Number of protein chains: 2
Amino acid sequence: MPSSNRRVTQQDIARMTGVSQTTVSIVLNERDDAAVRIAPETRERVLQAIRKTGYVADPIARRLADQRNRFLGVFTYEPVFPAGLGDFYHPFLVGIEECAERIGCDLLLFTSAPVVDGRRRIFHQDNRLRLADGCILLGRWLDPDELARLIAEGQPFVSVGRRDDAGGPVPYVGADYPTATVAQVRKAVELGHRRIAYVGEGAGAESHADRLRGFTTAVREAGITGVHVRFTEAADVMDQLREHGVTAIFVEEFADGAVLAEEAGRRALRVPDDLSLVALGDPTRPASTDLDFTGYRIPRREMGWQAVEVLSAILDGTGGETQRLLPCEPVAGATLAVANA
Amino acid sequence: MPSSNRRVTQQDIARMTGVSQTTVSIVLNERDDAAVRIAPETRERVLQAIRKTGYVADPIARRLADQRNRFLGVFTYEPVFPAGLGDFYHPFLVGIEECAERIGCDLLLFTSAPVVDGRRRIFHQDNRLRLADGCILLGRWLDPDELARLIAEGQPFVSVGRRDDAGGPVPYVGADYPTATVAQVRKAVELGHRRIAYVGEGAGAESHADRLRGFTTAVREAGITGVHVRFTEAADVMDQLREHGVTAIFVEEFADGAVLAEEAGRRALRVPDDLSLVALGDPTRPASTDLDFTGYRIPRREMGWQAVEVLSAILDGTGGETQRLLPCEPVAGATLAVANA
DNA sequence: ACCGCTTGCTAATGCGTATTAACGCCGTAA
DNA sequence: TTACGGCGTTAATACGCATTAGCAAGCGGT
């Protein structure tokens, strides 16, 4: 019952028991080496003092000695807890947290990263990434220059989502968009579609490029016609698609799919009877629709989980593949049907 | 370009620059005492080395020496990122993150706290709360023993949600349930209700007790009849309420309200024509209902924000009220109408 | 009596930072 | 010439813990 304000330290316990601080540390850590041992009665005396005072080792000092703080940083260009609902990032974080809990690490959210030109920056006046043992990077698009610098500086990190090389291979856990997209196109081909379209950027973020690549590959493989249309305005896009005689549309962004479906309705086109729609992934923006879209699901939670797993392996120096692609789960849905045009 | 795995230290910078570790520390902390000063050119040399290496002070060491590292801890008894949707805690975290970003602190999520007896514990073998400068505690119910210990040990923390004294006043930012509840009851009274009920625990968590207290106060004030029924099964509860001739029900839990509305429907009772329903706060569990409930909204985001504000004040030693109650915003809704019984 | 071995413990050190006291230098006043 | 004070920097230390090397005592064997 020390009324003093100061925390009880091993030194205090040592003095109370008439032993050295080292002894207290040894007893605490239950070390049973041949090299260092403590007589049972001494051990008991120390333990009693510990119990009496309610002593707990200071985690800060412990980690100083450890050379590891067991913090995993989480960096996102947007706020980690977005204000908007229908949150795309949430599942990743669920996986990240679950795995972090499992391996006994705390998560450090870099909320203090200053916002420049409308988004956070990794590198800035005082880059706090180093505060953690390693970091998870989250975002549809990561600045290649910043990635390159991370690699050059040898900072342990893992990206959620595949990334192109940036002056070296980038450790990542991504979704296998090409394979998943190819599967969707094949399904459409089997249903008789011969003129299909990819609607979206198809470039910029790796996840977009990967989808388009899968689309293009499958189109060539099947020997059918595939057009690529950037999304601008629903009416314009739909005009173009109709001109090309497209019967199935593959949308990069779920939300764009919802908008196109609406436009189709306006033109008295039934989905999927007159026009098929396939959503290449989950909504990244809120989208309102009653349709049960055909497409695939990004294994977000699993990606988060495995990203932490890979990071952990990197930190432990355990070998292992540092680039992983996870399969997307197909969703049957109700917007893809037999071609009819 | 140090390819070594070790993190860069002040000592490294010092060696690179040909100065002492002390000098580096001084430059870093921008100390401008009369007692200790550094020539501008030396300072510049050091700063360049720091920039080149991307050095950041080890937060652990800093905290050991300095007692501060600009981390704010966030402790929750449940996972911070819950798997379920319709997440009750999310808005609190949005506010917490926003304010943390504002004051330039990073957030440390204590995901590593081990689960004992089905929930996380603050105190255990190595309590990591101290790793942060201060902590935000989140949860419907916080163990009073753990709170008492936090207070006794003088750990800086703030609870989101009002808490009873635990061996001393608990710093908190809570919602003013009593006032908000009184207002709802008064509204019902004005509409002619004379026999009303409170459905819920009304005890245990402070937030429950506060609601019931408001209810009781208002009932007494109005000189009407108020009964308290614990929620068990919808049918049972409804039976009891009908026996008492209740015309307006105040539910502690939104979800229970939804269930009761359903039960009412089963008995051909129209809401609100035959029976009024008031929800005392937002859903804490997912609830499916088409009803636009009358009641009030808990200022969750604002509570999170202000909790960080209070914590920051505590850490700075700035005075100020450490117990705040925020008003709840009334929601007109469509489930409270003129009494009819 | 000496060596060698075991047992039980401690002194010393390092981890990375912040702080304090002090040191050497230079110029100026006494 | 000496004393002195401002300037720029550093050596030393503390923080609380873990770890390593090593010390002292006891004991059996030659």
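The values are calculated or read from the model by the stated rules, or taken from the named source; none is laboratory data. Bear in mind the structure is a predicted one, so any value in this text is a computation, not a measurement. Heads up, the Cβs are rebuilt from the backbone with ideal geometry, glycines too, and the neighbour counts pull from every protein chain shown. Just so you know, the surface numbers come from the protein's heavy atoms only, side chains and all, with ligands and any DNA or RNA stripped out. Shrake-Rupley method; radii C 1.70, N 1.55, O 1.52, S 1.80 Å.
Residues of segment A:53-70 being more than 10 Å from DNA strand D (Cβ to nearest atom) and either basic (Lys, Arg) or within 16 Å of residue A:11 (Cα to Cα) (or both), which ones? Once the filter is applied, which keeps residues that are more than 10 Å from DNA strand D (Cβ to nearest atom) and either basic (Lys, Arg) or within 16 Å of residue A:11 (Cα to Cα) (or both), segment A:53-70 yields A:53, A:54, A:68, A:70. Within segment B:157-170, residues that are open to solvent by less than 10 Å² (accessible area, probe 1.4 Å) have Cβ atoms under 6 Å from residues that are basic (Lys, Arg) and part of a loop (DSSP other than H, G, I, E, B) in these pairs: B:170/B:163, counting only partners at least 6 apart in sequence or on another chain. Every listed requirement among (1) open to solvent by 70 Å² or more (accessible area, probe 1.4 Å); (2) in a helix (DSSP H, G or I) is met by residue A:78 save one, (2).
So in segment B:101-125, with the set limited to residues that are open to solvent by 40 Å² or more (accessible area, probe 1.4 Å), part of a loop (DSSP other than H, G, I, E, B) and more than 8 Å from chain A (Cβ to nearest Cβ), which one is modelled with the highest pLDDT? Per the stated criteria, the residue is B:103.
Residues in segment B:1-15 that are free of Cβ contacts under 8 Å to residues at least 40 places away in the same chain and surrounded by fewer than 18 Cβ atoms within 10 Å (Cβ to Cβ): B:1, B:3, B:4, B:5, B:6, B:11, B:15.
Segment B:172-287 holds strands (runs of 3 or more DSSP E) entirely within its bounds, and those carrying 1 or more residues that are under 16 Å from residue B:335 (Cβ atoms) map to B:195-199, B:248-251, B:276-279.
Look at (1) without any contact (Cβ under 8 Å) to a residue 12 or more places away in the chain; (2) more than 27 Å from residue A:265 (Cα to Cα) and you find that residue A:206 fails only one, number (1).
Of the candidates A:183, A:205, the single residue that is at pLDDT 90 or above, open to solvent by 20 Å² or more (accessible area, probe 1.4 Å) and out of contact with any Cys (no Cβ under 6 Å at 6 or more places or on another chain) is A:183. Taking into account only those residues within segment A:45-90 that are free of Cβ contacts under 8 Å to residues at least 12 places away in the same chain and near DNA strand C (Cβ under 10 Å from one of its atoms), which is nearest to residue B:149 (Cα to Cα)? The extreme case among them is A:60.
Count, please, the residues in segment B:55-75 that happen to be acidic (Asp, Glu), crowded, with 18+ Cβ neighbours inside 10 Å and assigned to a helix (DSSP H, G or I). Final tally of qualifying residues: 0. Does at least one position in segment B:138-152 carry a residue that is within 17 Å of residue B:307 (Cβ to Cβ), open to solvent by 10 Å² or more (accessible area, probe 1.4 Å) and within 14 Å of chain A (Cβ to nearest Cβ)? Yes, segment B:138-152 has at least one match. The criterion of being more than 30 Å from residue A:287 (Cα to Cα) and free of Cβ contacts under 8 Å to residues at least 40 places away in the same chain does not hold for residue A:100. Screening residue A:52 against (1) under 21 Å from residue A:7 (Cβ atoms); (2) more than 7 Å from every other protein chain (Cβ to nearest Cβ); (3) buried (at least 20 other Cβ atoms within 10 Å of the Cβ) leaves a single unmet condition, (3). Could you go through segment A:151-161 and let me know if any residue there is part of a loop (DSSP other than H, G, I, E, B), closer than 21 Å to residue A:202 by Cβ and modelled with pLDDT of 95 or more. Yes, that holds for at least one residue. Scanning segment A:32-43 for any residue that is near DNA strand D (Cβ under 9 Å from one of its atoms) and either in a helix (DSSP H, G or I) or modelled with pLDDT of 90 or more (or both) turns up nothing.
Report yes if some residue within segment B:30-39 is under 23 Å from residue B:103 (Cα atoms), of a type outside the set (S, T, N, Q) and near DNA strand C (Cβ under 8 Å from one of its atoms); otherwise report no. Among the residues of segment B:30-39, at least one is under 23 Å from residue B:103 (Cα atoms), of a type outside the set (S, T, N, Q) and near DNA strand C (Cβ under 8 Å from one of its atoms), which makes the answer yes. The set of residues from segment B:305-341 being in a loop (DSSP other than H, G, I, E, B), buried (at least 21 other Cβ atoms within 10 Å of the Cβ) and touching a helix residue (DSSP H, G or I) at 6+ places or on another chain (Cβ under 6 Å) comprises just one member, B:328. Given the criteria open to solvent by 40 Å² or more (accessible area, probe 1.4 Å), in contact with an Asp or Glu (Cβ under 6 Å, 6 or more places away or on another chain) and not aromatic (Phe, Trp, Tyr), does residue A:286 qualify? Taking the combined requirement at face value, the residue does not satisfy it.
One line per residue, one yes/no per condition, for (1) in contact with a Pro (Cβ under 9 Å, 6 or more places away or on another chain); (2) modelled with pLDDT of 85 or more; (3) in the same structural domain as residue A:132 (by TED's automatic domain parsing); (4) within 25 Å of residue A:121 (Cβ to Cβ):
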| site | (1), (2), (3), (4) |
| --- | --- |
| A:46 | no, yes, no, no |
| A:49 | no, yes, no, no |
| A:62 | no, yes, no, no |
| A:77 | no, no, yes, yes |
| A:92 | no, yes, yes, yes |
| A:99 | no, yes, yes, no |
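Condition check: under 17 Å from residue B:269 (Cβ atoms) and basic (Lys, Arg). Does residue B:211 satisfy that? So residue B:211 does not fit the description; no. Among the residues making up segment B:284-315, those that are closer than 30 Å to residue B:338 by Cα and under 15 Å from the mean Cα position of the chain (by Cα) are B:284, B:297, B:298, B:299. Report, by residue number, each residue of segment B:14-28 that is more than 8 Å from DNA strand C (Cβ to nearest atom) and within 14 Å of chain A (Cβ to nearest Cβ). Result: B:27, single match. Of all the residues in segment A:14-29, those that are more than 8 Å from DNA strand D (Cβ to nearest atom) and aliphatic (A, V, I, L, M) number 4.
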